[in-house]
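Encoded as structure tokens, the structure appears first; notes follow it.
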């Protein structure tokens, strides 16, 4: 039996161009996916675009083009974003694909056969922007306009014939499920929020619309379009070739290990989605992780506010790996965070250029002058050698735990501490003063190279491009990297040739 791991991003709503929020969800998911591959897992990593609903239809109408053509153009920008962000996703799903339509209609039929769906009339508040229904107590008036308290989006009063899902009957069963699976929703603040919402009472959920036409048709009733969220959520299993639950892909990867989402779509993923699945006798995902927002200043980014941060502009100016590193280190994962030019530049100068880049430069340069770019023959490890080697070598269980609980800041902070220790070790050991004791000099250089190798493997999920440049000095390729190898202190073979290294990160000149 192999080890399998399935992680998903939200599928992004292509009514506008990608922004930093999309990039953040994708990058943190990619870091986890890459770590799991290093740790020997067969990883399925899914992202994609959610292309149905009234919001899309109206956006296409505004541009005067067919909704499918509109989606084709915008979806392409999200696919391109995956390449720009160096994502290692194994699939990219679009909800306009036949494989997805087939899955959604099949799930609907099962829910109908199990008497979980009935036809009635919906009257209530609906946000086109959120594609969400809201209760009366979730609405407030602002300058004569009714808006959602949660999102600030405009809501409209809707009255129309609709199919309903019997969500109310799943209230106690969901609470039981949360109780039996305490880590289903993380972080805990989100879990508490969901439990409080469910305990306040669930109403049956409208799951079809008649007032527009852009979406997947309800089986046997072409007047109705399936509610965009029932449609969208199904992407996580349609990508695994559902409804064929006997196929290898579905059997190996479902239930998903982590749905990585923004906190604003928590209710759909942590309440509606498990209810749909349980009602259809399908297992829910193992975890939903609702991370915070990337803010522009103090506000959530939105098209209407005109405060969208473009990840492509930041990548073009500073490079991709610095952005990835910054988001992992400086944003408190699970909470809201912001991107500041000043903090980003400090991060590049301090952590990446001074701490990591400088360590690599100094050690390789010293090796070139004193060891002819060969791995030196080490002598017996001293106490101080083992101290630094063991700090990384003994960390496997701890770092796996951090990743398994999506404690990305703790994982990153551990690496930062190790880099600080590695620089201190090289300074304190003063190999430049050991030229009369060549055995000790060689051992210090050997230990320093081993630490660079270990730390670069740990950094690989976060800054894959730069860490690989470093590892290539040891003639290591991406497929050679294994997380378990950090526990070995003698991976480098004496007299093997190593390569020179260029400057990894250019320091940014700052005006005082």
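Brief remarks follow.
- Separation between Cα centres of region 231-263 and region 158-181, rounded to whole Å: 20
- Classified by the C-alpha gyration tensor, region 66-213 has a rounded form. Its axis ratio a/c, with a ≥ b ≥ c, is below 1.5.
- Under 19 Å from the residue 68 label point (7 Å along Cα→beta-carbon), backbone N, region 197-234: 212-219, 222-226, 232
- From least to most packed, judged by other beta carbons within 10 angstrom and beginning with the fewest, 267, 405 follow the order 405, 267.
- Relative contact order (percent, whole number), region 281-417, Cα cutoff 8 Å, 6+ residue spacing: 26
- For residue 159 and residue 480, the difference between the fully extended length at 0.36 nm per residue and the C-alpha to C-alpha distance is 109.6 nm.
- Inter-site label distance for residue 507 and residue 400 at 7 Å from Cα along Cβ, in nm: 4.0
- Taking all Cα pairs closer than 8 Å and separated by 6 or more residues, the relative contact order of region 1-70 comes to 43 percent.
- Cα gyration tensor, region 1-149 - rounded (a/c under 1.5), prolate or oblate: prolate
- Residue-averaged 222 nm ellipticity for the chain, from DSSP H runs of 4+ at -39500 (n - 2.57), nearest 500: -13000 deg cm²/dmol
- In this structure, residue 145 and residue 341 have a Cβ-Cβ separation that, at R0 = 41 Å, corresponds to a calculated FRET efficiency of about 0.75.
- When only Cα pairs below 8 angstrom with a gap of at least 6 residues are kept, the chain shows a relative contact order of 15 percent.
- Cα gyration tensor category, rounded, prolate or oblate, for region 172-273 with a/c compared to 1.5: oblate
- Sorted fewest first by neighbouring Cβ atoms within 10 angstrom, 251, 263 come out as 251, 263.
- Antiparallel DSSP beta bridges within the chain, as percent of all bridges there, nearest 5: 55
- Burial ordering of 254, 157, 108, fewest other beta-carbon atoms within 10 Å first: 157, 254, 108
- Rounded Å value of the spacing that divides the Cα centres of region 1-72 and region 366-436: 37
Each value in this text was obtained by applying a stated rule to the coordinates, not by laboratory testing. As the structure is a prediction and not an experimental result, all values here were calculated from the model. Note: ideal-geometry Cβ built from the backbone for every residue, glycine included; neighbour counts use all protein chains shown.
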